[in-house]
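Just so it is clear, none of the values below were taken in a lab; they were calculated from the coordinates. These numbers come from a predicted model, not from an experiment. Cβ placement follows ideal geometry from the backbone for every residue including glycine, while neighbour counts extend to all protein chains displayed.
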Amino acid sequence: MRPPRPLHLDDLPAGPEPGTLLCRTDALPDHGGAEIIFRDGDQVAHLLVQRYNGQVYLYENRCPHAGTPLNLFDERFLNTDGSSLICRTHGAQFHVETGYCHLGPCKGQYLRAVAFEERDGGLYSV
């Protein structure tokens, strides 16, 4: 299975328009993860950003198995040894760099990457 094409946020009902600042990279906590939520009425777009090995990765915060956000209570997305993104609902684990699920009920599927541009210390929708 190939990864899905990157998601352009303006394709989502609650997604921001291109050029919107999603987050400042210097505002990411020490563990590198953050949840970003956009709302438009009843529509909600959940994103996760994770700094890992000097790079920043942005995915739709939606497990391909259950459709739930990967995090349950906070903005920590990495497993205990910090090597993979983990879904707190069913324990699926994903390679940070690709979003590929290598362990758990959705093995072989991918998180959906979000198209973004990093510039001027921030992440911007494209």
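Subtracting the Cα-Cα distance of SER83 and ASP42 from 0.36 nm times their residue separation leaves 11.3 nm of extension gain.
Each of ASP120 and VAL56 was given a label point 7 Å from its Cα along the Cα-to-Cβ line. The distance between the two points is 1.3 nm.
A Förster radius of 30 Å combined with the Cβ-Cβ distance from THR25 to THR68 puts the calculated FRET efficiency at roughly 0.70.
Quick check on the chain: what does the Kirkwood estimate of hydrodynamic radius come out to from the alpha carbon pairs, in Å? The answer is 14.6 Å.
Quick one: net charge of ASP10's neighbours, Cβ under 12 Å, K/R +1, D/E -1? Could you put the intermediate results ahead of the total?
Numbers: positive: none; negative: ASP11, GLU17, ASP40.
With Lys, Arg at +1 and Asp, Glu at -1, the net is -3.
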